[in-house]
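Got a structure here, written out as structure tokens. Questions coming.
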Amino acid sequence: MTRSEKLYKLNRAKQIIVLISLLSLCLDAYRIVGLGTFSVTLSFLSLIALIFVGLLEMDNGLYPDKKRLFICALFALAIVISVLFNLRIFNANSTMLYVVFLLVYLFSHHRTSDANMLKILWVVNIVYTALSLYGIYQFGAYIYNLPLSEIVIPGHMTPGYNTTDTISIGDFTIGRAHSIYLEPSTLSQFAAFAIIISFILFGNKKIKIHWFIISVIINLLAMFMAVAGTGILAFGVAVLVFLFMCIKNRKYIALPIIFVIIVIAAVVFVFTSDMEIAEYIKGRIMELTSSQMSGGIRFVTPYLIANWVLSTWFFGYSPGSDSYVIRYYQKYHPGRNVTMFDSHAIASGYGKVATELGGLGLIGIVLLFMTLRKNSFYKYIFAFVLMIPFIGGNLLQPYLWILVALLNSSPREWLIYERTLPSWQTSEIAEIAA
């Protein structure tokens, strides 16, 4: 087997692993084994497999490009500086996770065509929609005490997540759907991603109108039954990208106008109606003004802490350290019990990288996202990926990095191997190079 044939097969292996990784994310609530506080899941092992294939490519003469090497070197410098100046609070587990996920970024780069990407998205759409359908059943099962309301594997559940959360609207208390995911907000995000994929597939004529409608309805219902705003926010950004493209291309101009009218009507309804659902939504919005409530902890406090850290020590307070959280609350909220915030105060990936790796880390994550594929229909997935660190502290979890691997691709690089590849691969080479 020639070197080009080996590289071709390794690239195909990466495509398959990316698909497996996207599907294995659904199983992150189930761990294979626990290593201290870290849970080894199938999605994490999939990422390790991507690194392994990348190393095999290097063994066959294909090395990561200079821009990705530079970004990883910048991150490495940020990690070294933040650790050296904070040795007393050094956290080996978090530091190693930074290294592993940066290697995932470095070695997951692959070549693929739009056609192959759409095939991956088609499979993902079916699986995510099926799990959203189970989430809808689960919502009813909580209310009517139906069987199989939970799928639990004793001894193999990932700890630290709330899969049995309830919500009260007026006098009515219900269980929030989470399907088999880590928590309700995760179901909301995966349902939102499935809707985005449905639009991409339908726009590229890969699914029929009836499946498009069914998929969108099922995932919308699941998203609302999760009673979580994170999925709605992530989906909303993708919608804004679509509306911007409508204005830019001067097509479907009525859609942005209709969207603005709907948003204004919704805001007026929420802040003028005395209906219980409106009062609940208003309460969730007002949480942004409180550092003790979910909205404030997720969307405001991380950036207040990040701003304080960057203004006092530009290079951050070391991976995995909670010391800056405690010091922030001691300074600005003296006398307050901060232990309840230790695992949630940096509930933002952007806030986390700024506080732990400082300005260099923040620059690194921006440069990293700039290298991801975002042309054509990829821009809607890219918008969703940008939102993941904003709506949760997923920076050191497989979730974000599998989506990074999905977009860490380019369409044309097989041209350099075209002359030595066997004839049976010519058609696919032509498709990729198109």
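Just wondering, is there one or more residues in the stretch 245-259 that are under 27 Å from residue 394 (Cα atoms) and open to solvent by 20 Å² or more (accessible area, probe 1.4 Å)?
No, there is no match, as no residue in the stretch 245-259 is under 27 Å from residue 394 (Cα atoms) and open to solvent by 20 Å² or more (accessible area, probe 1.4 Å).
Select from the stretch 374-383 the residues that are open to solvent by 20 Å² or more (accessible area, probe 1.4 Å), more than 13 Å from the chain's Cα centre (by Cα) and closer than 23 Å to residue 106 by Cβ and list them in ascending order.
Across the stretch 374-383, the qualifying residues are 374, 375.
Residue 150 versus (1) under 30 Å from residue 30 (Cα atoms); (2) in a helix (DSSP H, G or I): which is the lone unmet condition?
The failed condition is (2).
For the stretch 139-162, does any single residue satisfy the condition of being exposed (fewer than 14 other Cβ atoms within 10 Å of the Cβ), modelled with pLDDT under 85 and either closer than 15 Å to residue 399 by Cβ or touching a strand residue (DSSP E or B) at 6+ places or on another chain (Cβ under 7 Å) (or both)?
Yes: the stretch 139-162 contains one or more residues that are exposed (fewer than 14 other Cβ atoms within 10 Å of the Cβ), modelled with pLDDT under 85 and either closer than 15 Å to residue 399 by Cβ or touching a strand residue (DSSP E or B) at 6+ places or on another chain (Cβ under 7 Å) (or both).
Just give me the residues in the stretch 86-130 being within 28 Å of residue 35 (Cβ to Cβ), in a helix (DSSP H, G or I), touching a helix residue (DSSP H, G or I) at 6+ places or on another chain (Cβ under 7 Å) and open to solvent by 30 Å² or more (accessible area, probe 1.4 Å), in sequence order.
89, 103, 127
Could you list, in sequence order, all residues of the stretch 194-216 that are under 21 Å from residue 137 (Cβ atoms) and either outside any helix (DSSP H, G or I) or open to solvent by 10 Å² or more (accessible area, probe 1.4 Å) (or both)?
If the condition is that a residue be under 21 Å from residue 137 (Cβ atoms) and either outside any helix (DSSP H, G or I) or open to solvent by 10 Å² or more (accessible area, probe 1.4 Å) (or both), then 211, 213, 214, 216 are the ones that fit.
Look through the stretch 38-71, keep the residues that are without any contact (Cβ under 8 Å) to a residue 60 or more places away in the chain and among the small types (Gly, Ala, Ser), and return whichever of them is surrounded by the most Cβ atoms within 10 Å (Cβ to Cβ).
Per the criteria, the residue is 54.
Considering only the stretch 217-236, state which residues are touching a Ser or Thr at 6+ places or on another chain (Cβ under 6 Å) and open to solvent by less than 20 Å² (accessible area, probe 1.4 Å).
Correct list: 219, 222, 223, 226, 228, 230, 231.
The values are calculated or read from the model by the stated rules, or taken from the named source; none is laboratory data. Computed from a prediction, not measured in an experiment: that's the story for all the values here. Reconstructed Cβ throughout: ideal geometry from the backbone, glycine too, with neighbour counts over all protein chains shown. The area values use the complete protein model at the heavy-atom level, side chains included, leaving out ligands, DNA and RNA. Shrake-Rupley method; radii C 1.70, N 1.55, O 1.52, S 1.80 Å.
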